[in-house]
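Before any comments, here is the structure.
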There are 2 protein chains.
Amino acid sequence: MIPLEDARQRILAAIRPTGPETVPLGGGWNRVLARPVVARLTQPPADVSAMDGYAVRAADAVTGATLTITGAAPAGHPFAGEVGAGEAVRIFTGGFVPAGADAILIQENAKAEGPRLTVTEGVAAGRWIRRRGLDFAEGGELLPAGRRLTARDIGLAAAANHPWLTVHRRPRIAILATGDEIALPGEPLPPGGIVSSNAHALAAVIASAGGEGCILPIAPDDAGSIAELAGSGGYDLLVTTGGASVGEHDLVQKALGQDGFALDFWKIAMRPGKPLIWGRLGAMPVLGLPGNPVSALVCAVVFLLPALARMQGLPDAGPRTVPAIAGVDLPENDQRADHLRATLAPGADGRLVATPANRQDSSMLAVLASADGLILRAPFAPALPKGEAVEVIPLAALGV
Amino acid sequence: MIPLEDARQRILAAIRPTGPETVPLGGGWNRVLARPVVARLTQPPADVSAMDGYAVRAADAVTGATLTITGAAPAGHPFAGEVGAGEAVRIFTGGFVPAGADAILIQENAKAEGPRLTVTEGVAAGRWIRRRGLDFAEGGELLPAGRRLTARDIGLAAAANHPWLTVHRRPRIAILATGDEIALPGEPLPPGGIVSSNAHALAAVIASAGGEGCILPIAPDDAGSIAELAGSGGYDLLVTTGGASVGEHDLVQKALGQDGFALDFWKIAMRPGKPLIWGRLGAMPVLGLPGNPVSALVCAVVFLLPALARMQGLPDAGPRTVPAIAGVDLPENDQRADHLRATLAPGADGRLVATPANRQDSSMLAVLASADGLILRAPFAPALPKGEAVEVIPLAALGV
């Protein structure tokens, strides 16, 4: 058994980012930039009005003064002339401030009668003008490579005049569930059989992280079938479930071995999820997850999500945790890093309270589904009294 | 100006959930259940082994005893016979516990030589057996209607034998950007023009919430064009941007009015985003957002996301906030609920520290994009010293 963090680092060290892909602007949402977004123009392109009102010379626009309206400058229709002494130009939010003007008199502070404008409250020079380049300047880097794009980023890239974005190609992950006992949902169940759930859950985990999961046909407990399906190729990573334990019916290592499988490690000091395979089949990395659904999903959070992050060029590949306090006394831990399925609720002082489920059996998918997060317990962690600080991996926020 | 919360409640009161849609299991990820998922079977379907080892009678399997191996029960291949006195059946994780056995002797605690099995460490009755129905029982509700499905939920629905799920249809939202001054990214810019960014950012916001945004062609500042595009129909909601202010060039209300637009309210006591229109064009609700990109996005977070949640049948439609402490002194607030663009970073005591950006101008998209969240400041909130508690809407976690 190797320590969890060693395992994760060995996995990450073997993962390469996918190459760049050009996508239309809107398709860039939630993708990871492969090339930075650089401003193609200056925003605003000129000094513009921040309000609806009148472009004036502040020196003239004192309370009680009367000005002459000589034109209009709505957004998109710049005023070609100049604002002279005693003059005002009608302007609207976003309109270019005409030459000669140095302030915007907001319409609430003026009264127009035909071409005559009476100033009811004077204005200081510079007021309500957004200066050229206030938002950004041409040539400036707005979004760095390696950033997962938010909706705000899409808006910013649009404003900077980018109809296309260059992002990392979505990782394609093959998912191979093995076992004589499993059948697809809705299909006839063999005697003693159960419905296959891991492949579907893992495909959703992969989708949540921005990858594409491809569910291969279920492989029976037969080395030839496993080898044939695993070797189908065209993927950035092969994830298997089941067959990673020490039993005679755990065939994945044996099956892959026929095709030159290079094992890096298996068995990790963690719970749930001790039996985990990591290696390489030709050029394709292989992650062999346990068959128990809870073990498979926890291992996916701990190892597969960081791998998917790394594949997409994200800089920080560790799983995000949030601080919380233990809702009950936690017993001392043994040599395996534990991941307690827990609910999260705000406590009296605003801090999150993490309370582990009563049953932590690795076959209990319903308990996992109703959990909000995983309390991390380090190997040999001493007993921890209720109210002490713990770190929790939140799950629903990940879409997991 | 009406209070923000009143506005949100009036918007939500007018929103109806979309109808149900049947999707394949995997397509249910991140969708909202319209009908509960009920277990179609019992899991595990029988008492099963939690380990690889031997099914035995605990009374016989005392340390030093020798048993006779009479068969095997791998997962998916139940043993047809019975475990008699002095007998053991080879079993693997997930295998059905054969009749007669009442414990699993794990293989680490036994030594097999041909059919002879020596017990090296005895086992107690019931050990390493997962009881029938430990995870869930046929007929039990596993996932309620109104739940946004996680990857774990997809796994649970699969295990409960559901190849299909019934979810709320994705809301279809039309997005109409207006303004003579805007052009699509990459298109020739008119004189005094800027690139349209709101529609693209809003489409991404809608995607982040599980809706489908349809970007209509840009409408010039012309009532007829706006009316024609707005009336194209087939949408659950029309969102406009720009033209919601009081200027003469703000035409949206006027344009919609030609087609029997029923205004509910406009102008909200909030910042950024005072000018906001809410009403109905025939049967279609209309949300008119301000043209400033920061105002439009903040209003989308505050009003559009809750509306999208309600459309998808989610029970809690309020925007999620996280507790934090102010990173600087905050001045007293005026009558408008404020949303300060802020960075979030963990503080020394583990609590989040929210620090507002120096500039809060509603045209500064780059500042918004680099923010982590929005500090909420209630109308007339008194000055707040650094270190005091604030509530923050986190943005990146929403994909916004």
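Things to note:
- Filter result for A:THR42 (more than 14 Å from chain B (Cβ to nearest Cβ) and of a type in the set (S, T, N, Q)): no
- Looking only at residues of region B:163-183 that are assigned to a loop (DSSP other than H, G, I, E, B) and basic (Lys, Arg), we find that the one that is nearest to the other protein chains (Cβ to nearest Cβ) is B:ARG170.
- Filtered residue count, region A:24-81, keeping only those that are of a type in the set (Gly, Ala, Ser) and under 29 Å from the mean Cα position of the chain (by Cα): 5
- Qualifying residue in region B:296-313 (condition: within 14 Å of chain A (Cβ to nearest Cβ), farther than 25 Å from B:HIS168 by Cβ and touching a residue at least 24 places away in the same chain (Cβ under 8 Å)): yes
- Breaking point among (1) facing another protein chain (nearest Cβ under 7 Å); (2) over 18 Å from the mean Cα position of the chain (by Cα); (3) under 30 Å from A:ALA183 (Cβ atoms); (4) buried (at least 24 other Cβ atoms within 10 Å of the Cβ), for B:ALA160: (1)
- Residue in region B:359-368 that is of a type in the set (A, V, I, L, M) and within 20 Å of A:GLY350 (Cα to Cα) present: no
- Any hit, region A:185-194, residues being in contact (Cβ under 8 Å) with a residue 60 or more places away in the chain, more than 8 Å from chain B (Cβ to nearest Cβ) and not in a strand (DSSP E or B): no
- Criterion (β-branched (Val, Ile, Thr) and in the same structural domain as B:SER232 (by TED's automatic domain parsing)) met by exactly one of B:THR120, B:THR93, B:THR178: B:THR178
- Set side by side, the residues A:VAL392, A:VAL302, A:VAL328 differ, and just one is over 25 Å from B:PHE136 (Cα atoms), in a strand (DSSP E or B) and not basic (Lys, Arg), which is A:VAL392.
- Each residue in region A:265-289 was checked for being more than 24 Å from A:GLY233 (Cα to Cα) and assigned to a strand (DSSP E or B), and 3 of them qualify.
- Count of region B:90-109 residues, restricted to those that are away from chain A (no Cβ under 13 Å) and crowded, with 23+ Cβ neighbours inside 10 Å, is 3.
- Only a single item in (1) away from chain B (no Cβ under 12 Å); (2) at pLDDT below 95 is not met by A:VAL353, and it is number (2).
- Top-ranked residue of region B:305-314 - restricted to ones that are of a type outside the set (A, V, I, L, M, F, W, C) and not in a helix (DSSP H, G or I), ranked as surrounded by the most Cβ atoms within 10 Å (Cβ to Cβ): B:GLN312
- B:ALA369, sole failed condition from (1) touching a Gly at 6+ places or on another chain (Cβ under 9 Å); (2) touching a residue at least 12 places away in the same chain (Cβ under 8 Å): (2)
- Scanning region A:351-376 for residues that are more than 25 Å from the chain's Cα centre (by Cα) and either in a loop (DSSP other than H, G, I, E, B) or of a type in the set (Lys, Arg) (or both), we see that the one that is surrounded by the fewest Cβ atoms within 10 Å (Cβ to Cβ) is A:ASN358.
- The listed residue being modelled with pLDDT under 95, surrounded by fewer than 16 Cβ atoms within 10 Å (Cβ to Cβ) and within 14 Å of chain B (Cβ to nearest Cβ), out of A:ALA283, A:ALA244, A:ALA348, A:ALA262: A:ALA348
- Top-ranked residue in region A:331-345 [being of a type in the set (S, T, N, Q) and either in a loop (DSSP other than H, G, I, E, B) or in contact (Cβ under 8 Å) with a residue 40 or more places away in the chain (or both); ranked as surrounded by the most Cβ atoms within 10 Å (Cβ to Cβ)]: A:ASN333
- Selection within region A:1-26 - within 10 Å of chain B (Cβ to nearest Cβ) and either surrounded by 15 or more Cβ atoms within 10 Å (Cβ to Cβ) or in contact with a Lys or Arg (Cβ under 7 Å, 6 or more places away or on another chain) (or both): A:LEU25, A:GLY26
- Scanning region B:170-198 for residues that are buried (at least 19 other Cβ atoms within 10 Å of the Cβ) and basic (Lys, Arg) yields one hit, B:ARG170.
- Qualifying residue in region A:109-120 (condition: farther than 23 Å from B:ALA201 by Cβ, in contact with an Asp or Glu (Cβ under 8 Å, 6 or more places away or on another chain) and β-branched (Val, Ile, Thr)): no
- Residue satisfying all of: in region B:207-236; within 14 Å of another protein chain (Cβ to nearest Cβ) and in a loop (DSSP other than H, G, I, E, B); farthest from the chain's Cα centre (by Cα) among these: B:ASP222
The values are calculated or read from the model by the stated rules, or taken from the named source; none is laboratory data. All values derive from a computational prediction rather than experimental measurement. Note: ideal-geometry Cβ built from the backbone for every residue, glycine included; neighbour counts use all protein chains shown.
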